[in-house]
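What follows is a single structure, written as structure tokens, with notes after it.
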Amino acid sequence: MTRFSYLIFTALLFINISCSKDDDTTNEPAAIVIEDCTFNLADFSSNTTIVIDCNLNLNGETVNLAENVILSFDGGSITNGTLTFNSGEIDGELLNSELNIEGEATLSSSEFTFLPENWDLLEGEITTEEAIENKDKLNNIIALVKSLEADTFSIGKFDAYFYGDIFSTAPADAYDNAIQIPSDFHFKMSDETVLRSQPTNHFASRIIGIYKGDNITVSGGTLIGDRYTHDYTPVRDLLDIDRSGHSYGTLLFIAGGDNVLIDNVTIKEGTGDAIGIGGSTIRNTDGSIRTGERIATDLTISNCDLSDCRRNIISVIDGNGVVIEGNTISKAGGERDGYPEAAGDAPQFGIDLEAYRERDDENNLLEYERVENVIIRDNIFTDNYAGDIVVYTANDVLIEYNEMDNFVGSYATFNCKITHNTLIARDDIITEIGIGLQEVIRNDEHLAYNNEISDNYVEGYDASIIVAGLNNIIKDNELKDFNVGISFKNLTNGTISNNTLTSERITSNGYFTYSGNAKNSFVTGDVVNVQHKTVLFYKFNKDITDGRLTFDDVTFNSVYPSSANRVINLDDSHNITFQNCVITEGIEDNGNSNGIESIDNTFIVF
């Protein structure tokens, strides 16, 4: 039992075992009675291991231990006083709410097991004041075991409510409102660990927080918000700002930190988001990080079940190097029968990548936040109200191998690649768009460019893909069961190639636009099989003179019984070239289109 030269046997007390008189007729186990200790810890010399198998009451006193004393747990306890160590050790099972630890001490194991019976935390439904006390007490325990050099905090069966009462969204205040996870630490929950947000009218409640923390893991367990028990009456924050939307809560948030892993955690029923990722404060206007502040870097969310939050499931507002993989992400926003106040609040996406930035009066970009180098991979998205992923203001984003049933798209985004995903539209709602790229221009500057949609399977949407922006690539996608296969907005230097567009809807069209434009853009190698028009353009390139869209080596096939529909139909559309294509019936320009070229095409007439 000891690394030292001898054991102090006088530290061991006998355990009395009380047996039943009917020993021959019962299978009940013997009762173990832990007696009171009869020794004084101050009497033991240096380098001694003391086995605690009895109940030791310090009677409110402070006991100074000799050098390198080890206190080993064997069923006993030490309470009602203070131990002052001199480079000693103590088993984590001996720590409790009635014992203070001072001096130089470490835990005997780097993993601390939280035993609820040793601590004065309340489980089950409690008052708001008691929920605040739960939060403060658990933070004190975490701080204690961290000071004793533990790196893992393990929780088994435990179900309790927590609350922080600072009405603020400032990251430091939010951290004060949360269970605080320090650096170099693993907060390890079990399948039987449930941490709940106390039902209140707090507009920005928290459960777990990370603030300027490094090398942190949060794993296992379940976090449950108060979406269905919340008080949604109007409220204002500490700065007297109206927060009556009650959608600023984040059940687990990271406000700055490096090498953070959130793994196998169930998070649900938040009044705002399940997980929020950002910096410890906003950046300088040039995007540089302020002195002493942190952003989120090298952060991973994996194998989690995240669902049923009013706003988004995951929001990333500042970060560099975020990986979101292997999760189930569901039920963002939306209405809730029987709970009208718990209805969703915009934007209501599964994942929202949205850094805050703006322009000053001289059109200079003020980049208060930045989101970049994000991977969203191998996740399952389902039942999210507004959409599954929106890359609103972010760059260098890879979205791959996900299963989705709603919209994914981008706004002011560059270097975003959406590839090898499966999108099958939900059948319980009208799902308008599968994948969409926006055009965003400010003072002649393109803010959406160099994006790619490739190798995706998209089925059941009204419009499979909407294309716009600068230098974007759409290739090798399989599009099925749509009203519109590819819809053009405003596309510059775009490349669309080797896609298959197949739909049996009676009104299905291959390519469509209403007032869209295309400059120096090409469609090559696509195969179109639809029931209606292969191309249906209204007012295409009407407002520009330098734009041209070229279809090269494209197969246009319409199979609708009426031959009148087997045409490429152009109405007030301009500067379009068809070359080396196979075209059912012909090209119809309605007599009001200009700049239409037909070169070396093969026409099939029924």
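The values are calculated or read from the model by the stated rules, or taken from the named source; none is laboratory data. Predicted, not measured: the structure shown is a model, and the values here were computed from it. We place every Cβ from the backbone using ideal geometry, glycine too, and count neighbours over all the protein chains shown. Note: areas computed on protein heavy atoms with side chains; ligands, DNA, RNA excluded. Shrake-Rupley method; radii C 1.70, N 1.55, O 1.52, S 1.80 Å.
Annotation: residue 231 fulfils all but one of (1) touching a residue at least 40 places away in the same chain (Cβ under 8 Å); (2) outside any strand (DSSP E or B); (3) at negative phi; the unmet one is (1).
Please work out which residue is least open to solvent (accessible area, probe 1.4 Å), limiting yourself to the stretch 476-515 and to residues that are among the hydrophobic types (A, V, I, L, M, F, W, C) and assigned to a loop (DSSP other than H, G, I, E, B). Even if it seems obvious, please write down each step before you answer.
Quick first cut of the stretch 476-515, residues among the hydrophobic types (A, V, I, L, M, F, W, C) only: 479, 482, 484, 486, 488, 491, 496, 501, 506, 512.
The next check asks that each one be assigned to a loop (DSSP other than H, G, I, E, B); those that pass are 482, 506.
Working: 482: 0, 506: 98 Å².
Looking at the filtered set, the residue picked out is 482.
Within the stretch 555-587, if we keep just the residues that are in contact with an Asp or Glu (Cβ under 7 Å, 6 or more places away or on another chain) and of a type in the set (S, T, N, Q), the residue that is most open to solvent (accessible area, probe 1.4 Å) turns out to be 580.
Is one or more of the residues making up the stretch 588-603 open to solvent by less than 30 Å² (accessible area, probe 1.4 Å) and under 24 Å from residue 465 (Cα atoms)? Checked the stretch 588-603: no residue is open to solvent by less than 30 Å² (accessible area, probe 1.4 Å) and under 24 Å from residue 465 (Cα atoms).
Restricting the stretch 286-302 to residues that are in a loop (DSSP other than H, G, I, E, B) and open to solvent by less than 70 Å² (accessible area, probe 1.4 Å) leaves a set whose member that is farthest from residue 367 (Cα to Cα) is 292. Evaluation of residue 202 against the conditions (1) outside any loop (DSSP other than H, G, I, E, B); (2) open to solvent by less than 10 Å² (accessible area, probe 1.4 Å) shows that the sole unmet condition is (1).
As for the stretch 113-130, it holds no residue that is open to solvent by 60 Å² or more (accessible area, probe 1.4 Å) and either of a type in the set (Gly, Ala, Ser) or under 26 Å from residue 256 (Cβ atoms) (or both). Restricting attention to the stretch 397-428, the residues that are under 14 Å from residue 459 (Cα atoms) and open to solvent by 60 Å² or more (accessible area, probe 1.4 Å) total 4. Only one entry of 551, 537 meets the criterion of being within 41 Å of the chain's Cα centre (by Cα), under 26 Å from residue 417 (Cα atoms) and of a type in the set (A, V, I, L, M, F, W, C), and that entry is 551. On the basis of being surrounded by fewer than 18 Cβ atoms within 10 Å (Cβ to Cβ), closer than 30 Å to residue 47 by Cβ, within 29 Å of the chain's Cα centre (by Cα) and not acidic (Asp, Glu), does residue 170 make the cut? No: the conditions fail for residue 170.
Residue 277: assigned to a strand (DSSP E or B), more than 14 Å from residue 385 (Cβ to Cβ) and either in contact (Cβ under 8 Å) with a residue 12 or more places away in the chain or not β-branched (Val, Ile, Thr) (or both), yes or no? Yes.
With outside any loop (DSSP other than H, G, I, E, B) and either modelled with pLDDT of 95 or more or out of contact with any helix residue (DSSP H, G or I) (no Cβ under 8 Å at 6 or more places or on another chain) (or both) as the only criterion, which of 56, 121 stands out?
Values: 121 fails: outside any loop (DSSP other than H, G, I, E, B).
Being outside any loop (DSSP other than H, G, I, E, B) and either modelled with pLDDT of 95 or more or out of contact with any helix residue (DSSP H, G or I) (no Cβ under 8 Å at 6 or more places or on another chain) (or both) holds for just one of 56, 121, which is 56.
Entry remark, the stretch 336-351: residues being buried (at least 16 other Cβ atoms within 10 Å of the Cβ) and among the charged types (D, E, K, R) number 2 in total.
For beta carbons closer than 6 Å, sequence separation of 6+ or different chains, a first residue in the stretch 484-498 that is of a type in the set (Val, Ile, Thr) and a second that is open to solvent by 20 Å² or more (accessible area, probe 1.4 Å) and at pLDDT 95 or above, the qualifying pairs are 484/512; 492/470; 495/473; 495/522.
How many residues does the stretch 534-554 hold that are in a loop (DSSP other than H, G, I, E, B) and surrounded by 24 or more Cβ atoms within 10 Å (Cβ to Cβ)? Spell out the reasoning first.
Taking the stretch 534-554 first, the residues in a loop (DSSP other than H, G, I, E, B) are 534, 539-548, 553-554.
When the remaining residues are screened for being surrounded by 24 or more Cβ atoms within 10 Å (Cβ to Cβ), the result is 534, 540-541, 554.
Number satisfying all stated conditions: 4.
The residue of the stretch 307-335 that is farthest from residue 403 (Cα to Cα), among those that are open to solvent by less than 50 Å² (accessible area, probe 1.4 Å) and charged (D, E, K, R), is 318.
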